[in-house]
1. Taking segment 38-62 as the search range and keeping residues that are among the hydrophobic types (A, V, I, L, M, F, W, C) and touching a helix residue (DSSP H, G or I) at 6+ places or on another chain (Cβ under 9 Å), which one is surrounded by the most Cβ atoms within 10 Å (Cβ to Cβ)?
2. Out of all the residues in segment 80-129, which are of a type in the set (Asp, Glu), within 22 Å of LYS56 (Cβ to Cβ) and touching a Ser or Thr at 6+ places or on another chain (Cβ under 7 Å)?
3. Is segment 116-134 home to any residue that is surrounded by 13 or more Cβ atoms within 10 Å (Cβ to Cβ), modelled with pLDDT under 95 and among the small types (Gly, Ala, Ser)?
4. Is there any pair linking a residue in segment 34-61 that is in contact (Cβ under 8 Å) with a residue 12 or more places away in the chain to one that is assigned to a loop (DSSP other than H, G, I, E, B) and among the small types (Gly, Ala, Ser), with Cβ under 8 Å and at least six apart or on different chains, and which?
5. Exactly one of (1) surrounded by fewer than 16 Cβ atoms within 10 Å (Cβ to Cβ); (2) free of Cβ contacts under 8 Å to residues at least 40 places away in the same chain is unmet by HIS65. Its number?
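The values are calculated or read from the model by the stated rules, or taken from the named source; none is laboratory data. Given the structure is predicted, the values throughout are model-derived calculations rather than measurements. Heads up, the Cβs are rebuilt from the backbone with ideal geometry, glycines too, and the neighbour counts pull from every protein chain shown.
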Amino acid sequence: MWKQFALFCKPLTHMPRFVIQEHHATRLHWDFRLEHDGVLKSWAVPKGPSMNPTDKRLAIQVEDHSLEYGSFEGTIPFGDYGAGEVIIWDRGEYEPMTDMTAGLESGIITFRLHGSKLNGLFSLVRLKKGTGNEWLLIKGKD
């Protein structure tokens, strides 16, 4: 009986997490982080994310961060890289709409956020010009 029941039950799958940290460093910006392959892929968004599909927000890709950093709030001491106050602005789970690894290579990542402030379809699109770490964060039309 249990074997038959087990055949119909799918294990709960873990949706990857996202976090957005408001970072009062030298310049105010928002750190946008997507969990992928055991790290937080990270972008600094100077003007913060927008729920307006006509806004295209610059997002500078920065180094990957450890998953533990996704729960960090507090003060980064003066003299350390990124010194300043950090608060969690939003967090939740996301559904990749495109393969994340392929999207990071090709420069187009589409995903659906499920957060307390941000919900819906978003894309990160790498700019052709520049250093290769410049992307646009764009709210999709749901």
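1. Let us first name the residues in segment 38-62 that are among the hydrophobic types (A, V, I, L, M, F, W, C), namely 39-40, 43-45, 51, 58-60, 62.
So of that shortlist, the ones also touching a helix residue (DSSP H, G or I) at 6+ places or on another chain (Cβ under 9 Å) come out as 39-40.
Numbers: VAL39: 15, LEU40: 22.
Taking the candidates together, the pick is LEU40.
2. Of everything in segment 80-129, just one residue is of a type in the set (Asp, Glu), within 22 Å of LYS56 (Cβ to Cβ) and touching a Ser or Thr at 6+ places or on another chain (Cβ under 7 Å), namely ASP90.
3. No, segment 116-134 has no match at all.
4. Listed pairs, sorted by first residue: PRO53/GLY140; ARG57/GLY48; ARG57/SER50.
5. Result: HIS65 fails condition (1) only.
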